[in-house]
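Step one of this worksheet: look at the structure below.
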Amino acid sequence: SPEAHASRATFCPTTDRSGSAEKLTPSVTAGELWKTEEPFVADEYIERLVWRTPGGGSRGGPEAFDPKRLLEEFVNHIQELQIMDERIQRKVEKLEQQCQKEAKEFAKKVQELQKSNQVAFQHFQELDEHISYVATKVCHLGDQLEGVNTPRQRAVEAQKLMKYFNEFLDGELKSDVFTNSEKIKEAADIIQKLHLIAQEFSEVKSKIASKYHDLECQLIQEFTSAQRRGEITRMREVAAVLLHFKGYSHCVDVYIKQCQEGAYLRNDIFEDAAILCQRVNKQVGDIFSNPETVLAKLIQNVFEIKLQSFVKDQLEECRKSDAEQYLKSLYDLYTRTTNLSSKLMEFNLGTDKQTFLSKLIKSIFISYLENYIEVETGYLKSRSAMILQRYYDSKNHQKRSIGTGGIQDLKERIRQRTNLPLGPSIDTHGETFLSQEVVVNLLQETKQAFERCHRLSDPSDLPRNAFRIFTILVEFLCIEHIDYALETGLAGIPSSDSRNANLYFLDVVHQANTVFHLFDKQFNDHLMPLISSSPKLSECLQKKKEIIEQMEMKLDTGIDRQHILAAEQKKTDFKPEDENNVLIQYTNACVKVCAYVRKQVEKIKNSMDGKNVDTVLMELGVRFHRLIYEHLQQYSYSCMGGMLAICDVAEYRKCAKDFKIPLVLQLFDTLHALCNLLVVNPDNLKQVCSGEQLANLDKNILHSFVQLRADYRSARLARHFS
């Protein structure tokens, strides 16, 4: 711009008359390009210098780049910077000299201060020793004064007591302390001392005792009035005076009595008692010097008077008339009392508050807990018997006598060894006589009994009492209900020669299994925690084991007598009279067995999950195969009968596919191949036996099936198989 050109023109050098260039003056000073208080950065300094020097640009025209002028500008600035450096260096040296001088002066001053401090410390030590000496003298003087003053004070007090004593001897109380009601505190202190002295003077003893009693009554009355007005400070003052009187306990009783006035306004006496104790606990420390004793006495009063009276009213009216209500009320009241005791444990009641509260609870309930277990077991027996009888009455069923002792044991042994029904078969009309409702009711009653037993029994009696309840449960649930249903179910199974087989007992088995699982759950959930650390544990486990074994034997017996095959399968099925007139594809027994097995497989799959399904189906499938295998070996087969047997096994194999267990299907494939031996041409027997499915079987097994053929004894067949 023209302005910039004009400003830069002022920095152009001038020439002298001879035409030589004059010495250049810098267009800008070093002080303008760099402030000494800032760090020196060479690049930035040169950049500023070049920018502000005429001819330092790179553009053409009048401001074209002029290296000579720029060089001269650099030389001038270097000289100026050298001068500036020398000036700064001199300043630094001057400052260093000044700093060294000040450091020496400061060190000298510090030494002087240290000397002064040492002198002051010596003076302080001397002063401390002097103060200690004076204090020792003062203490000694104080002891001497106290030694003189204490007997003097005692003499003065004794003189005053003698003066008051003389007034009682004269029978006329003139001193202001006895006549002024506002000085009752001083009068109480005096009369308390006189009362101790007067024990040796019979002529004045009664007068002082009378005044002692009057003052004590006045103080208690004053305390009572202050409590009603809510004056805590006055109550504390009067209680402190009464602390040395014999009637101090009466003062505490008055306080406890008035605290309870209007405290029981709700329907819940236990909640009222808790609130009362919380309120008194906050207040009692501001009144009495021994608050824990006063609070403990209040709690004792609440338990022994209020709660004991309430418990007695609640329990006595139903103790003899209604055992159920009595047990429920006893459990509820005892629980609420122990809960209240737990709340009171947070208060300061002295050293052993746990024992203190336990004794209070025991004092209330001891008469009810002594015979608790007798009432519990008596009620549980009658209640259980009523539940069972009500159920059998609803079924219009008269319970049969099962019998016990040696005869019953003998029957069980005969039944286990022979698998024969003992006694006539009865018609149950499909009724299992097992009710989940009855079982739930019995278990619920027992559960409540266990809970009451846990709460109300002494810890030393708990395992024994729990065992008694358990034996009642075993008697009514396991013996009177489950075992009776099993016995009735066994009696309801048709005899082996009956033509009408049914699956009735399997329903009994299913329901008995469900019921026993409920029994076992209660055993683990409610009985085990009560006996786990006592010798009764082994007793209960042994009794449970005996019950299980007894029931399993009867279940096994009944299942073994479910003779669908024996009842439905006829000898003529596999040896028909008319070989040319067989119209059926498979036997009636096969149809019923397959229907039953498919039903059981479906139940297993619906009732279980995971690997349990495969495990149970594996076991069922193996047993199913063994049963069919053994069943087929009981008959002799004609040619057409053998074909029917093959058809039956084919149906069994289809049924086995539902198991979806490879081993089970393989077993039935092998059995099907074995059945081919019943119909194959004698000339082909060896070829069939060496086939893929039969080649690895024992020769005796193959021979046993060949022997089932009706034509086995023919010479031709025996020759071919030998």
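I need two numbers for region 588-720: Rg to one decimal and Dmax as a whole number, Cα atoms only, in Å.
Answer for region 588-720, Rg first and Dmax second: 16.3, 56 Å.
Find, among the GluC sites (Glu not before Pro) in region 244-323, those assigned to loop by DSSP (not H, G, I, E, B) with at most 13 other beta-carbon atoms within 10 angstrom.
Values: sites: GLU261, GLU271, GLU292, GLU304, GLU316, GLU317; in loops: GLU261, GLU317.
Here the sparse-neighbourhood loop sites are GLU261, GLU317.
Could you work out the relative contact order of region 588-720? I mean the mean sequence separation of Cα pairs under 8 Å and 6+ apart, divided by the number of residues, in percent.
It comes to 28 percent, rounded to a whole number.
For GLN542 and ARG390, compute 0.36 nm times the residue count separating them, minus their Cα-Cα distance, and round to one decimal in nm.
51.6 nm
Count the net charge of all other residues whose Cβ sits under 11 Å from the Cβ of PHE288, scoring Lys and Arg as +1 and Asp and Glu as -1.
0
Give the accessible area for ILE305 in Å² (nearest 10); use a 1.4 Å probe, count only protein heavy atoms, and leave out ligands, DNA and RNA.
Number for this one is 90 Å².
Let me check I've understood the local charge: for LEU620, count other residues with C-beta under 13 angstrom from its C-beta, Lys and Arg +1, Asp and Glu -1. What total comes out? Could the numbers behind the result be given before it?
Values: positive: ARG598, LYS599, LYS603, LYS605, ARG623, ARG626, LYS660; negative: GLU602, ASP614, GLU619, ASP658.
Charge balance near LEU620 sits at +3.
Using the basic label-point model (7 angstrom from Cα toward the beta carbon), what is the LEU265 to LEU81 distance in nanometres?
About 9.8 nm separates the two model spin labels.
Between ASP711 and GLU451, take the C-beta separation as r, use R0 = 56 Å, and let me know the FRET efficiency to the nearest 0.05.
The calculated FRET efficiency here is 0.15.
For ASP332 and GLU549, compute 0.36 nm times the residue count separating them, minus their Cα-Cα distance, and round to one decimal in nm.
Taking ASP332 through GLU549 to full extension adds about 74.2 nm, to one decimal.
Where in region 224-290 are there trypsin sites (Lys or Arg not before Pro) that are in a DSSP coil and have at most 16 other Cβ atoms within 10 angstrom of their Cβ?
Within region 224-290, the qualifying trypsin sites (Lys or Arg not before Pro) (loop, at most 16 other Cβ atoms within 10 Å) are LYS246, ARG266.
Can you pull out the chymotrypsin sites (Phe, Trp or Tyr not before Pro) in region 219-258 that DSSP calls coil and that have at most 15 other Cβ atoms within 10 Å?
Working: sites: PHE223, PHE245, TYR248, TYR255; in loops: PHE245.
Here no chymotrypsin sites (Phe, Trp or Tyr not before Pro) fit, given the DSSP loop and packing criteria.
Around TYR637, which amide H atoms from residues at least 5 apart in sequence, or from another chain, sit under 5 Å from its own amide H, with H modelled in the peptide plane?
Under 5 Å from the amide H of TYR637: ARG709, ALA710.
In what sequence, highest mean first, do 135-142, 637-644, 377-384 appear when ranked by Cβ atoms within 10 angstrom?
637-644, 377-384, 135-142
Given HIS703, LEU667, MET640, which one lies farthest toward the positive end of the charge dipole of region 588-720, if we put +1 on the Cβ of every Lys and Arg and -1 on the Cβ of every Asp and Glu?
The residue sitting most towards the positive pole is MET640.
Once the piece of chain linking GLN122 and LEU95 is laid out straight, how much longer is it, given 0.36 nm per residue of separation minus the C-alpha distance between them?
5.7 nm
Quick check: net charge around GLN542, other residues with Cβ under 11 Å of its Cβ, Lys/Arg +1 and Asp/Glu -1?
Its environment carries a net charge of +1.
Tell me, what is the FRET efficiency for ASP313 and HIS397 to the nearest 0.05, using R0 = 56 angstrom and their Cβ-Cβ distance as r?
Calculated transfer efficiency: 0.80.
Work out the FRET efficiency for MET618 and ASP322 from their Cβ-Cβ distance, taking R0 = 56 Å, and round it to the nearest 0.05. Present the calculation step by step, with values, prior to reporting the outcome.
Working: r = 56 Å, r/R0 = 0.99.
It comes out at approximately 0.50.
The values are calculated or read from the model by the stated rules, or taken from the named source; none is laboratory data. The structure displayed is predicted, hence computed values, not measured ones. Quick reminder, even Gly has a Cβ in these numbers, built from the backbone with ideal geometry, and neighbours come from all protein chains shown. With ligands, DNA and RNA removed, areas are computed over all heavy atoms of the protein, side chains included. Shrake-Rupley method; radii C 1.70, N 1.55, O 1.52, S 1.80 Å.
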